[in-house]
1. Calculate, in whole percent, how much of the Cα-Cα pair population of segment 85-132 lies beyond 13 Å.
2. What's log10 of I(q)/I(0) for segment 38-142 at q = 0.14, 0.18 Å⁻¹, Debye sum over Cα points only, no solvent?
3. Considering only Val800, Thr788, Leu632, whose Cα is most displaced toward the positive end of the charge dipole of the chain, charges sitting on Cβ of Lys, Arg (+1) and Asp, Glu (-1)?
4. Only Lys, Arg, Asp and Glu count, each charged at its Cβ (+1, +1, -1, -1), so figure out the dipole size of the chain about its Cα centre, rounded to 20 debye.
5. Can you give the accessible area of Glu282, probe radius 1.4 Å, in Å² rounded to 10?
6. Relative to the compact-globule scaling 2.2 N^0.38 Å, provide the ratio for the alpha-carbon radius of gyration of segment 484-625.
7. Could you tell me the distance between the Cα centroids of segment 440-491 and segment 624-644, to the nearest Å?
8. How far is it, in nm, from the label point at Glu379 to the one at Ala265 when both lie 7 Å from their Cα along the line to the Cβ?
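The values are calculated or read from the model by the stated rules, or taken from the named source; none is laboratory data. These figures come from a predicted structure and were not determined experimentally. Cβ sites come from the backbone with ideal geometry, for glycine too, and all protein chains shown count toward neighbours. Only protein heavy atoms, including side chains, enter the accessible area calculation; ligands, DNA and RNA are left aside. Shrake-Rupley method; radii C 1.70, N 1.55, O 1.52, S 1.80 Å.
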Amino acid sequence: MAQGLAGLKVIELGGGVSAAYAGKLMADLGAEVVKIEPPGGEPGRLCPPFRAGAPDPEGSGTFLYLNTNKRSLVLDLARPEERAGLDELARRADLLIHNLSRKEMAAQGIEFERLSALNPRLVLLSVTPFGLTGPYRDYVGNDLVLVHGGGWGWICPGPGTDPARPPLKPFGHHGVLQAGIHGALAALAMHYGTLHGAPGEHVDCSIQEVQTGYLGRAILDYSYLGKIDSRLSARKFAPAGFYQTADSQIVIVCVEEDQWQRVAALMGNPAWTRRPEFATRELRGENFRAFNPLVEAWTRQWNTEALYLKCQEHKIGSGPVFRYEQLLGFEHLKARGFATPLDHPRAGRLILPGAPYALTQPWWKLRRAAPLLGEAQAERERLLGGGTPAAAAAAPALPAALRPGAGQPPLPLAGVRVLDFTWVWAGPYCTMYLANLGAEVIKVESASRLDHARRVKVYPQGMEGSINRSGYFNEWNQGKKSLGLSLSDPKGIELVKRLVPSCDVVMSNFATGVMERLGLGHEELHRINPQLVVAAISGYGQTGPWKNFTAYGSAVVPLSGVSASTGYPDDNGLAQEVGIAYGDNNAGIYAAYAIVAALVARKRQGGGQYIDISMWESMIATGFDGWMNYALGNPPYPTMGNRDPAVAPHNLYRCVGEDTWLALACETEEQWQALCSVMGRALGGMMGQPGLAGDPRFRDRAARKANEDALDALIGAWCAGQERWALTHTLQAAGVPAFPSLSAKDLVENEHLKARNYFTRLSHAEVGVRTHVGIPWRLTRRRNGVRTPAPLFGADTDEVARLAGLDEAEIAALRARKVLQ
């Protein structure tokens with residue numbers, strides 16, 4: 001069986017994580033990805049971990065993970081004749097993916113209109129720190145700078161942090177990696193459009209905007225309530241967070257009141273659980289400083305694994321803090337075949353994380369290890385001179401109305417109909433992005449079992465709450481329609497089955513087995529419509545011994561190993577939260593990508609697909625750093641705050657003002673010398689050049705890392721007297737990655753995000769105009785921006801019922817029976 005993206009031709013340029021991960025997502029599903037590298041190799045080859053810590057450009061754990069199934073072709077794009085080779089590749093490619101700066105794009109001939117003249121169906125994906133437009137378009141940034149510059153760091157690790165401690169970056173490359181997934185989703189969707197005869201597109205993806213787009217409640221609390229969330233805030237509800245056990249830590253999450261009652265029963269219902277200040281989930285959150293120690297007095301009596309299994313027995317969301325060395329031993333992951341062995345000619349046999357989604361049509365496969373530098377040079381002539389792009393092979397000639405310059409083409413998923421059985425965050429995050437790409441998304445919801453998101457108490461100040469006024473729902477359901485339908489009545493299920501033949505996608509994120517019990521399992525749906533793409537998100541996947549365990553987005557993060565290395569370096573290795581229910585949006589964006597990949601495969605090959613997204617597995621795939629470190633035989637990474645395993649300086653530094661911080665990192669020698677120059681000018685040579693640059697403690701990257709405490713003290717003393725924005729602009733003008741750690745208020749008021757029209761401010765029928773997150777990419781040819789606000793409950797019920805073939809009398813009868821709502 002051909003892999004789903006077999007025949008798709010992709011060019012990848014740049015270095016590091018974002019573009020490489022976008023390319024990996026396509027390569028692992030069968031695309032031919034040609035990675036263009038400079039003569040010395042791309043920078044990601046020198047990114048740790050390495051076996052025994054010894055740098056080896058063919059042995060980087062980061063590179064080995066991010067570049068499976070690719071071919072490496074060396075081209076020196078500083079030379080015009082080599083750029084001609086890139087043009088030949090572009091003529092035959094479907095997508096070109098890169099994370100180059102604007103300056104680098106110009107120097108290497110990466111200009112959309114020029115490339116589009118060579119190949120009208122080419123899709124160009126540009127993943128850059130702040131996007132290619134706006135005041136910060138030429139600013140530089142790495143994961144540290146962008147996680148803080150996008151607002152995630154500001155709310156991490158979570159409520160109750162010591163005010164003396166800085167905001168925190170989650171361990172790993174999450175910010176830039178998420179940009180790779182979001183960018184891959186948009187680019188592949190644009191390719192899907194070309195398969196229907198539309199021209200190509202330039203996707204300008206901003207890493208900062210990707211971060212801002214998944215801050216949970218932070219933007220909403222500011223927009224609706226005027227509150228500024230931070231790591232110092234009270235909790236939204238409790239129990240929710242890390243609790244110490246006899247041997248480790250565990251997350252316990254009680255979203256619903258009945259879950260807390262089950263926890264209290266396990267404790268023996270002590271008298272303190274009935275105190276009035278703990279009467280509701282919100283009150284427990286407000287009083288978490290009094291509440292949590294009482295819970296922890298109980299959890300400390302338990303071994304972590306025993307408590308985890310006991311909680312799961314009682315359907316209580318929980319997750320132990322696992323380390324990567326533990327993950328390979330779990331029977332559940334073994335039963336699902338997650339860990340994947342792969343032989344590399346230099347690194348030997350490695351066990352890599354498996355797919356972030358399981359597919360019944362088994363397209364995902366590690367066919368080839370990451371390439372040696374220039375491995376494909378022997379095939380240079382074939383790669384530069386032959387083949388037809390998949391879009392040209394599968395699509396008719398461009399109609400005159402859709403040729404470049406002939407007007408605005410439709411969004412790529414226009415005409416795709418999605419039946420959306422999702423709720424809370426993970427599933428709605430997925431379907432929101434499908435709607436952003438043009439799909440018609442019909443959200444199926446019931447008044448008797450209302451989406452929890454409609455019940456989250458984020459209502460506009462001075463406005464009484466209602467099911468249509470929660471900012472939480474209104475954020476993640478923009479662009480959708482609402483069908484009010486009782487699924488407990490057979491007539492409701494019958495109506496769903498009448499809709500299925502006209503649908504392309506069915507998406508759900510109920511607990512494992514719910515859709516089957518409703519009579520809407522994937523086998524039944526495919527019986528009705530064999531071309532359907534069916535996707536389901538669950539905590540642990542649809543198979544395996546733990547498939548029925550309860551999971552929430554915040555609880556799968558510690559399960560994946562990410563939390564074990566997230567924390568402060570002076571805190572005895574204590575694991576910390578990551579500030580958001582990260583498992584939710586992470587699984588959601590993978591689901592959206594897999595759905596689009598299945599639509600592409602269906603268009604080119606025919607056939608449906610069933611996609612099983614495990615929140616746990618997708619989180620492990622994202623937090624690959626610690627896994628690869630273990631796979632290479634190294635000891636676990638310690639908690640290191642905002643520091644990096646290899647780079648220094650790489651930290652947050654206090655600036656003038658209350659709780660005001662600047663993220664700063666120097667990954668290259670050029671950036672280090674630029675920092676020395678700026679500090680030297682500011683301090684008249686006392687601490688800068690020649691002093692700092694000439695200090696033997698900081699002579700090279702290894703020395704700076706070895707003397708990081710001293711280096712941080714010097715930079716910290718210098719930053720303490722500086723205003724954060726003035727210092728940011730000065731450092732960026734010199735080419736130093738630096739940016740403030742921003743709050744939701746900072747982001748909403750930011751000049752750059754305003755210039756890029758990032759935030760959405762559409763008029764909603766009940767809450768009026770509110771600020772919501774927007775779309776983290778800009779398109780050159782197609783429309784930009786969210787199309788419609790979130791729907792009122794049941795706003796589109798009659799319209800959707802007519803799509804199912806019901807007449808007015810049938811609609812009236814089902815409304816009277818309360819099937820239609």
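1. Taking all Cα-Cα pairs of segment 85-132, the fraction more than 13 Å apart is 52 percent.
2. So the normalised log intensities work out to -0.69, -1.05.
3. Val800
4. That gives the chain a dipole magnitude of about 1120 debye.
5. We get 50 Å² for Glu282.
6. In units of the 2.2 N^0.38 Å rule of thumb, it is 1.24.
7. Each part reduced to its Cα centre gives a spacing of 41 Å.
8. 6.0
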